[in-house]
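Here the structure comes first, spelled out in structure tokens, and everything after it is commentary.
The values are calculated or read from the model by the stated rules, or taken from the named source; none is laboratory data. Bear in mind the structure is a predicted one, so any value in this text is a computation, not a measurement. Cβ coordinates were reconstructed from backbone atoms using ideal geometry, including for glycine residues, and neighbour counts include every protein chain displayed. Surface areas here come from the heavy atoms of the whole protein model, side chains and all, with no ligands, DNA or RNA. Shrake-Rupley method; radii C 1.70, N 1.55, O 1.52, S 1.80 Å.
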2 protein chains.
Amino acid sequence: MAGVSIATVSRVINNSKPVNHDVRIRVLKAMEQTNFLPNAMARNLAKKESLLLGVMVPEVKNTVLDDLINGINQVSRLYGYNIMLSLTAGTLENELHYFNMFREIQADGIILASENLKEELVKGIKVSNIPLILVGRDSLDTVPTVHVDNVTAAYEAVTYLIQQGHRKIAMLRVRSGDIASGDHRYQGYVRALNEAGISIYKDWVVESGISVEDGITSMRKICEAESMPTAIFCATDRIAIGAMNYLLEIGLRVPEDVSIFGFDGIDMSSFIRPKLSTVKYSAEEIGMTAARNLIKLIRGEEISSRHWIVSHYLENRDSVCTLN
Amino acid sequence: MAGVSIATVSRVINNSKPVNHDVRIRVLKAMEQTNFLPNAMARNLAKKESLLLGVMVPEVKNTVLDDLINGINQVSRLYGYNIMLSLTAGTLENELHYFNMFREIQADGIILASENLKEELVKGIKVSNIPLILVGRDSLDTVPTVHVDNVTAAYEAVTYLIQQGHRKIAMLRVRSGDIASGDHRYQGYVRALNEAGISIYKDWVVESGISVEDGITSMRKICEAESMPTAIFCATDRIAIGAMNYLLEIGLRVPEDVSIFGFDGIDMSSFIRPKLSTVKYSAEEIGMTAARNLIKLIRGEEISSRHWIVSHYLENRDSVCTLN
DNA sequence: CTGAAAGCGCTTACAG
DNA sequence: CTGAAAGCGCTTACAG
């Protein structure tokens, strides 16, 4: 295009080999004028590297995911990677679809957030051999993960409720998948009650979907039990917000009549009234840790462990009252 | 791999040419065993078509975007396209980065949601010549758009407030960009007041960022004005939620002391108390319309117009009271 | 420092 | 119906 070979152009674009100053200028100018943009497909084909990271999340309503993605973005960009995001709606079909799409498109690695990891996908992950990190949940120990210590966090939240004098504590848990965080948070609940010598009342544990609407529906079920609990531990803030809504709807006050405890610390949790007490952690940190280690995996670098735990703490606000 | 030429394999994968049944079976089996996945980069290079749509949105906290993306996804998949999502945080730098990345990666088209479209990007769009649709906002008439009629919707919302007896109406508007929806919603506000013969009080119009926190800050500014308005029209629900929060914080009641009207109809708008009155529309419909027409553009098909309007309506809930 | 050439993994006329 | 070959737009040894 500018009196130079195509190889030279490649070299100035990539700075891969020394190029004479005048020539470089000439090439740069020509590129400017032609409005030239290199074809990444061709480059990736030749280099067998795409610098693309696939990120799969179920949905995006959950503001925690915004932080997560920002964390991933931040360190990815730092290392020269770009991310491709896709929404799976949490279905196996979509997860499989995007997983394969990322492989076909030659993504260098994948970060996967999945509430309900099915065996079929796990198998696919194993045979494909593509670097992958699971995020936000505990896992089979064959695939690397970063998440909060769900069992402990839930245990601490419920123990806190017990310390406030509650003994009738219900849980709105997430439908159980293999070993998703839903199960682990429930385990924490069980452990806390056991330790306090409180037995579990079946009608006070209900499986819920993850939307606010699901929280409303699930709360109604609890209210239909023979007796009412004094506190509800919810597996997620969105469920908690739904639960609070239903309670207010039927004329019960939070926390005077019923206390509520959430999990996730989404932004809305502090904008609703009463402000929601919840388990907080940094989704951004999860994202950064995942991206950082995924890139190490891709580069074949040494990795410090295969499971990273991000810290959490209880954010006590106004949705829990003390019983005496 | 299975005693056939590579060309034949290509033909069975794509069903592009008739292939003998036995041979096809043989190829399929071999693919199964090898766990073969075609290299999309190579295919795209050869076909000069990626079946990839780039989608750029500023952030993902706004639940409206979840619907938007689902709408886009739905029709994209229907036509065999996959989408690549990227978060721009609304900055020009990121928008430029991802815009170019999508071009380099040979995306067939782009859907862009941008609150503050800068001239530099617009220029890039024009010279690049890549099919692109702008979403959620009005625009220069050179680039195709799909959005709600922001001026009219805002006009209707404010007119409704006036009909309820309000005459002291403030607006928390979005910082003005060229002709972004922020400006248009403000125009609707102005028109409604003018028509009612109410003059605009400068201290009651404040520019706000788009987060809930921004809403809090902006509401504080209004409260610092010499006198208080009786109603606030907010450019987005998130701003409205922030405003309501600040009001409650300083001991004012909504709607008894101050009425609030939002815009967007995000899910949280009906979960907070009082339930927020707001302008609703289907972001999913915006997404579907955008994807459908982008694909037409890509295929060089006839297009019915260059600007599509999605309908809206007022969802009157509990955050507005009637003055007498 | 620079160019010609092979190769990345596919698709698609062109022959047969 | 099937294969050999050229070509998609790059990168990278290999010569010079």
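Residue A:150 meets each of the listed conditions (1) farther than 28 Å from residue A:171 by Cβ; (2) at pLDDT below 95 apart from (1).
Scanning region B:272-284 for residues that are open to solvent by 20 Å² or more (accessible area, probe 1.4 Å) and either over 12 Å from residue B:66 (Cα atoms) or in a loop (DSSP other than H, G, I, E, B) (or both) turns up B:273, B:274, B:275, B:280, B:281, B:282. Screening residue B:246 against (1) among the aromatic types (Phe, Trp, Tyr); (2) within 14 Å of another protein chain (Cβ to nearest Cβ); (3) open to solvent by 50 Å² or more (accessible area, probe 1.4 Å) leaves a single unmet condition, (3). Do we find that residue B:262 is outside any loop (DSSP other than H, G, I, E, B), closer than 30 Å to residue A:246 by Cβ and of a type in the set (Gly, Ala, Ser) in this structure? Answer is yes for this residue. Among the residues of region A:49-65, at least one is under 29 Å from residue A:288 (Cα atoms), out of contact with any Gly (no Cβ under 9 Å at 6 or more places or on another chain) and within 16 Å of DNA strand C (Cβ to nearest atom).
Of everything listed in (1) at the interface with chain B (Cβ under 10 Å from one of its Cβ atoms); (2) closer than 18 Å to residue A:288 by Cβ; (3) in contact with a Leu (Cβ under 8 Å, 6 or more places away or on another chain), the single unmet condition for residue A:109 is (1).
Of everything in region B:29-61 that is more than 12 Å from chain A (Cβ to nearest Cβ) and either surrounded by 15 or more Cβ atoms within 10 Å (Cβ to Cβ) or within 12 Å of DNA strand D (Cβ to nearest atom) (or both), the residue that is nearest to residue B:90 (Cα to Cα) is B:31.
Residues in region B:62-80 that are farther than 25 Å from residue B:280 by Cα and more than 11 Å from chain A (Cβ to nearest Cβ): B:78, B:79, B:80.
Taking the conditions (1) crowded, with 24+ Cβ neighbours inside 10 Å; (2) within 24 Å of the chain's Cα centre (by Cα); (3) within 14 Å of another protein chain (Cβ to nearest Cβ) in turn, residue B:235 satisfies each one other than (3).
Evaluation of residue B:295 against the conditions (1) open to solvent by 40 Å² or more (accessible area, probe 1.4 Å); (2) more than 14 Å from chain A (Cβ to nearest Cβ) shows that the sole unmet condition is (1). Looking only at residues in region A:162-182 that are within 16 Å of residue A:278 (Cβ to Cβ) and of a type in the set (S, T, N, Q), the one that is modelled with the lowest pLDDT is A:181.
Among the residues of region B:20-44, which ones are over 31 Å from the mean Cα position of the chain (by Cα) and within 11 Å of DNA strand C (Cβ to nearest atom)?
Of everything in region B:20-44, those that are over 31 Å from the mean Cα position of the chain (by Cα) and within 11 Å of DNA strand C (Cβ to nearest atom) turn out to be B:20, B:31, B:34, B:36, B:37, B:38, B:39, B:42, B:43.
Here region B:298-315 is the region considered, the condition is being open to solvent by less than 70 Å² (accessible area, probe 1.4 Å) and over 20 Å from the mean Cα position of the chain (by Cα), and the residue that is nearest to residue B:110 (Cα to Cα) is B:298. Taking the conditions exactly as written (within 8 Å of DNA strand C (Cβ to nearest atom) and away from chain B (no Cβ under 14 Å)), does residue A:16 satisfy them or not? No; evaluated as a whole, the condition is false for this residue. For region A:10-27, a residue qualifies if it is in a helix (DSSP H, G or I) and either more than 10 Å from DNA strand D (Cβ to nearest atom) or touching a Ser or Thr at 6+ places or on another chain (Cβ under 8 Å) (or both), and the qualifying residues are A:10, A:21, A:22, A:23, A:24, A:25, A:26, A:27.
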